1. At pLDDT below 85 and open to solvent by 40 Å² or more (accessible area, probe 1.4 Å): which single residue out of Leu40, Leu75 fits that description?
2. Within segment 162-171, is there a residue that is in contact with a Phe, Trp or Tyr (Cβ under 8 Å, 6 or more places away or on another chain) and open to solvent by 90 Å² or more (accessible area, probe 1.4 Å)?
3. If Gly204 satisfies all but one of (1) part of a helix (DSSP H, G or I); (2) out of contact with any Cys (no Cβ under 9 Å at 6 or more places or on another chain); (3) closer than 21 Å to Arg128 by Cα, what's the number of the condition it fails?
4. With the checklist (1) over 30 Å from Pro179 (Cα atoms); (2) touching a helix residue (DSSP H, G or I) at 6+ places or on another chain (Cβ under 9 Å); (3) at pLDDT 75 or above in hand, flag the one item Leu119 doesn't pass.
5. Do you know which residues across segment 43-56 are within 15 Å of the chain's Cα centre (by Cα) and open to solvent by less than 40 Å² (accessible area, probe 1.4 Å)?
Amino acid sequence: MGAPFKKFEAHASGGPRIREIPMRMVLPNLVTVLAICAGLSGIRFAFENRFEIAVVMVLLAAFLDGIDGRLARMLKATSKFGAQMDSLADIVNFGVAPALVLYAFLLDRAGSPGWIAALLFTIACGMRLARFNVLADDTDQPAWQTEYFVGVPAPAGAVLVMLPLYLYFLRLGLEPSRPAAFVASGFTVLVAFLLVSRLPVYSGKSVKIPGDRVLPVILGVVLYILLLMAYPWYTLTASVAGYLLFLPLSVRAYSKRAMREGEKVPPSDIG
C-alpha cells in the first residue's frame, strides 16, 4: 500500500486528471466537436430558411470531420475515445445533417415519400459507417483490394445528396416544387443505395505522385479551391457530375485488376 498504489487509487476513482492529458491529445477531439457543432448549426440554418449558409456549414462539418483523424495520426494522438467521438460525428455530419437540410429545403414537399427518402439516406449512412468500423481491421482480403472502398464513402454521399440545393443556387429557374421533390426523393434513395452497395470505388490511398509532377498537382488543387471559393455552386455541381461519371470507371478498373490478379471474389467490405 505504498505511494504507487495511492496514485493508482486516485486515478481509478476519478480517471486521469485533466492536467495530465497532453494538449496534442485534445486538439483532434476539439476539431471533432467543432465539426458536430457545424453540422448541427447547418440544420438550424436550414429550418430558418437560410439554405446557402446551411449547406456551407454542412460542407464545413464534412471538411473538419475529414481532418480530425489525420490530425490525430500526425500528432500521434489517436485514442479509443477519439475513435468513438469521430464515429458519432460521422453519423451527424454525413447522415443526419445533409438529410435534414435537404428535407427542409425540398423533400418535405413530397410528403411522406420525402421523409422516407431522408430516413433511408441517414440509415444507409449509419450502416455504411458501421461496416467500416467493424471491418476496417480485416486482413483477409488481398492487399490490392485495400485500394478500393466498398460502396460510396459517407463524405462523398453527403456531398452528392445535396445536389438539388446546388442546382437551385445556380439560379437556373429551378424552383422547389412537388414534382421536383419527388425527383429529389428518388435521387436521395439512389445515393442511399450507393452508400450500402458493394460497388468498388477507387480510394486513391496508394497514389504516389512523381517528383516532377508535384508542383502541377499542387497548382491543380489550388485552382480547384479557388474555383470553389469564387464559383461554389458551379464547382460543386461539376464535382458531383464528375464523381458520378468516375464510379463506372472505377468498377471497370477494379474488374481489370481482379482479372490480372486472378481474383474472382467480390471486394471485401472495407472502407
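1. From the options Leu40, Leu75, the qualifying one is Leu75.
2. Scanning segment 162-171, I find no residue that is in contact with a Phe, Trp or Tyr (Cβ under 8 Å, 6 or more places away or on another chain) and open to solvent by 90 Å² or more (accessible area, probe 1.4 Å), so the answer is no.
3. (1)
4. (1)
5. Residue satisfying the conditions is Val55 alone.
Yes or no, residue by residue, for (1) modelled with pLDDT under 90; (2) farther than 19 Å from Val58 by Cβ; (3) open to solvent by 60 Å² or more (accessible area, probe 1.4 Å):
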site: Glu175; (1), (2), (3): yes, yes, yes
site: Arg178; (1), (2), (3): no, yes, yes
site: Val196; (1), (2), (3): no, yes, no
site: Pro200; (1), (2), (3): yes, yes, no
site: Ser203; (1), (2), (3): yes, yes, no
site: Met229; (1), (2), (3): no, no, yes
site: Thr237; (1), (2), (3): no, no, no
site: Val251; (1), (2), (3): yes, yes, no
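The values are calculated or read from the model by the stated rules, or taken from the named source; none is laboratory data. In this text the structure is predicted, and so the values were computed from the model without any measurement. All Cβ positions, glycine included, derive from the backbone under ideal geometry; neighbour counts span all protein chains shown. Remember, those area values only see protein heavy atoms, side chains included, never the ligands or the DNA or RNA. Shrake-Rupley method; radii C 1.70, N 1.55, O 1.52, S 1.80 Å.
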